[in-house]
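Single-structure report; data block below.
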Amino acid sequence: MPVFGGDNADSYFDEGVTAAMKGDLNRSIEFFEKCIRLDSSNSGAYHQLGKVYTRLGRFPKAIAFLSQVASAKPKLLAARIDLAYAHLGEGNLKQAQDLFVTAATEKPDNVRARLGMAYCAYQEQQYDAALLMAQDIADTSGANFGVLYLLARSAKAAGRPDLLPEAIGRADALIEKSLQSSEDHAAGYYFRGLLYTLKKDLEKAEENFALAVEKADPSQHYSAYEEHFALPDMLAQLARTREARGQDASAEWDNLRAIDPESPLLPGPAQE
C-alpha cells in the first residue's frame, strides 16, 4: 500500500517518483507499473518509466515507453529529448541527432538538446564540432561536470591540449564538491579516475579507480552525465591503468572474469 494517499494511480505515481529520486529504480518501476494498471492513460507514468529504464541502461525498453509518450504528446519537448538520449545510449545516432536538432531548433536555449548534439558529434568522431558546441554551452549556459568532461575529451581528441587544464580543473572541482557531500560515492571516484587518465596522471587515476571499485555496489548500474557503467567497467579501468604503469593487474581481471566470463571488457588471449 502506498503512503501517499491510498491505493490509487496518483499515489503509486508519487511513490514511483520518490523511489526514483532515492535511486531505488527497480522499486520505482513497480510503482509506475501499478499506476499504469490503474490508469492506462497516465502518460506521466510512461514517461517516468522511460527515464528510469534509461538510467538502468535498458535502452530498448526506454525507447519503447518514451516513443509512446512522444507520439501521444508531440508538444512535450522533455519527452522527445529524453527519447533522444535513450537512442543515444542505444547507439542510434541518426535518430538521436534528428531529435536533438529538432528540439534545439524549437528552443535554442535548451541546454540538454544542445549538449545532446555535442554528444552525437563526439560519437561520430567530429571532435572539432563537439569541442565548439561544448565550449559554447560552457560559455553561455554554465558548465556542469558533463559539459566539462565532454569539453575535455573533445579537446584531447581534436588535438587541443591547451584547453585541457582548465576544463579538467573545473570538472575536478565539481567532483571534489560532490565527494565532500558523500564520500561513499563510487561514481565520483570513477569520474575522477577518468579525469586523471585524460591528464595522464596514471598514479592518481589508479588511486581513484581503486576507490571506485572499493565503494561500488556490485548490483548497481551507475548512470550520470550520459555515462553508463558498473563494477566491471571500474575493474577494467583499474586493470588497464595498472598495466599502463607496469604493474600486475591479474587480480582485477580475475575479479572481472568471475563476474562475467564473457565480458567484452576482458582482454583477448594475446593481451593477457
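The values are calculated or read from the model by the stated rules, or taken from the named source; none is laboratory data. These numbers come from a predicted model, not from an experiment. Positions of Cβ are generated from backbone atoms using ideal geometry, with glycine treated the same way; all protein chains shown enter the neighbour counts.
Set side by side, the residues GLU90, GLU106 differ, and just one is of a type in the set (Asp, Glu), modelled with pLDDT of 95 or more and buried (at least 16 other Cβ atoms within 10 Å of the Cβ), which is GLU90. Would you confirm whether or not segment 214-227 contains a residue that is closer than 30 Å to LYS22 by Cβ and of a type in the set (A, V, I, L, M)? Yes: one or more hits. In segment 65-77 there is no residue matching the filter, namely being under 21 Å from VAL147 (Cα atoms), part of a helix (DSSP H, G or I), free of Cβ contacts under 8 Å to residues at least 24 places away in the same chain and in contact with a helix residue (DSSP H, G or I) (Cβ under 8 Å, 6 or more places away or on another chain). Out of LEU256, LEU266, LEU202, LEU163, one residue alone is over 19 Å from the mean Cα position of the chain (by Cα), among the hydrophobic types (A, V, I, L, M, F, W, C) and under 27 Å from ALA118 (Cβ atoms). It is LEU163.
Test SER71 against the stated conditions and say whether it is at pLDDT 95 or above and not acidic (Asp, Glu). When the stated conditions are applied, SER71 passes them. Residue pairs whose Cβ atoms lie under 7 Å apart, separated by 6 or more positions or on different chains, with the first residue in segment 13-38 and surrounded by 20 or more Cβ atoms within 10 Å (Cβ to Cβ) and the second among the aromatic types (Phe, Trp, Tyr) and not in a helix (DSSP H, G or I), are GLU15/PHE4. Selection of segment 34-64 for residues being of a type outside the set (Ser, Thr, Tyr), assigned to a helix (DSSP H, G or I) and touching a strand residue (DSSP E or B) at 6+ places or on another chain (Cβ under 8 Å) yields only ARG55.
From the list SER219, SER178, the lone residue that is among the hydroxyl-bearing types (Ser, Thr, Tyr), under 20 Å from ALA143 (Cβ atoms) and surrounded by fewer than 19 Cβ atoms within 10 Å (Cβ to Cβ) is SER178.
Would you mind stating whether TYR190 is surrounded by fewer than 18 Cβ atoms within 10 Å (Cβ to Cβ), among the hydroxyl-bearing types (Ser, Thr, Tyr) and touching a residue at least 40 places away in the same chain (Cβ under 8 Å)? In short, no. Among the residues of segment 150-158, is there at least one that is free of Cβ contacts under 8 Å to residues at least 60 places away in the same chain, assigned to a loop (DSSP other than H, G, I, E, B) and surrounded by fewer than 19 Cβ atoms within 10 Å (Cβ to Cβ)? The answer is yes; a qualifying residue exists. Go through (1) of a type in the set (Lys, Arg); (2) more than 26 Å from LEU195 (Cβ to Cβ); (3) in a helix (DSSP H, G or I) and name the single condition ARG112 misses. Against the list (1) of a type in the set (Lys, Arg); (2) more than 26 Å from LEU195 (Cβ to Cβ); (3) in a helix (DSSP H, G or I), ARG112 comes up short only on (2). On the stretch given as segment 118-147, residues that are within 22 Å of SER67 (Cβ to Cβ) and either crowded, with 22+ Cβ neighbours inside 10 Å or in contact (Cβ under 8 Å) with a residue 60 or more places away in the chain (or both) total 2. For segment 222-272, the set of residues classified as of a type in the set (Phe, Trp, Tyr) and in a loop (DSSP other than H, G, I, E, B) consists of TYR225 only.
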